[in-house]
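The values are calculated or read from the model by the stated rules, or taken from the named source; none is laboratory data. Predicted, not measured: the structure shown is a model, and the values here were computed from it. With ideal geometry, Cβ positions are generated from the backbone for all residues, glycine too; neighbour counts draw on all protein chains shown.
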Amino acid sequence: MTPTGGGPEEDALAPLSEINVTPFVDVMLVLLIVFMVAAPMMVAGVPVNLPRTDAPRLAEPREPLVVTLTADGVVRVGEQAMGTGQVVSTLAPIAAEAPDRPVLLRADRSLSYGEAMTVLGALSRAGFSRVSLLAEMPR
């Protein structure tokens, strides 16, 4: 008999200090297979035979024209500076080439509403019908 009071039978009943990961791996592999089978079904949607058409493809969206109205009243198209009176004559050829091209107007916040409306009117007279005003998003 040992000093702890146990015999050889107690050694056989002692807890194991190793973790058996085989059941865990088995469960993970089953889950992997389930997701591999189910994922394409969730993305594919309902199968439909679509009709054919002779319609032309839609054109790629054009890059917008950025017009900037600075605090001192100067209008800039890209890097080219001009006065408000020159907007129509400068941009009319561009509008004749692509009247559906979007225009983005950036105006300094210190300007009055009337000054921005003058530039908007000039853009409209030049032939642009899609003009958007840009603003800064709050942080």
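Worth pointing out:
- Pick from the range 91-130, criterion among the β-branched types (Val, Ile, Thr) and modelled with pLDDT of 90 or more, ranking: surrounded by the fewest Cβ atoms within 10 Å (Cβ to Cβ): 118
- Those residues of the range 39-82 which are among the small types (Gly, Ala, Ser), surrounded by 10 or more Cβ atoms within 10 Å (Cβ to Cβ) and over 27 Å from the mean Cα position of the chain (by Cα), in sequence order: 71, 73, 81
- Cβ-Cβ under 8 Å pairs, at least 6 apart or on other chains, the range 90-118 side touching a residue at least 40 places away in the same chain (Cβ under 8 Å), far side exposed (fewer than 14 other Cβ atoms within 10 Å of the Cβ) and among the small types (Gly, Ala, Ser): 102/132; 104/132; 111/71; 111/73; 115/73
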